[in-house]
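Here is the structure we will look at.
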Ligand SMILES: [Zn+2]
């Protein structure tokens, strides 16, 4: 028998470029794809309290 978490936790989006805090998926503000580039997204940093691009 396997044990499973009943709660599914999304992986974090990345880290704040300003303060290096981990940004949880729940903080995602907007995600968009730039042609020929990696997907960009904007998420609110829990520490800076402002939208940043997770790295
Ligand atoms: Zn930050």
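Throughout, read-outs are computed from the coordinates displayed, never taken from laboratory work. Everything numeric here is computed off the predicted structure, so don't read it as measured data. Note that we place each Cβ from the backbone using ideal geometry, even for glycine, and neighbour counts take in every protein chain shown.
Here is the size of the chain from its Cα atoms: Rg then Dmax, 13.7, 45 Å. Listing 16, 48 from fewest to most neighbouring C-beta atoms within 10 Å gives 48, 16. Taking other Cβ atoms within 10 Å as a rough exposure proxy, 4, 40 sort from fewest to most as 4, 40.
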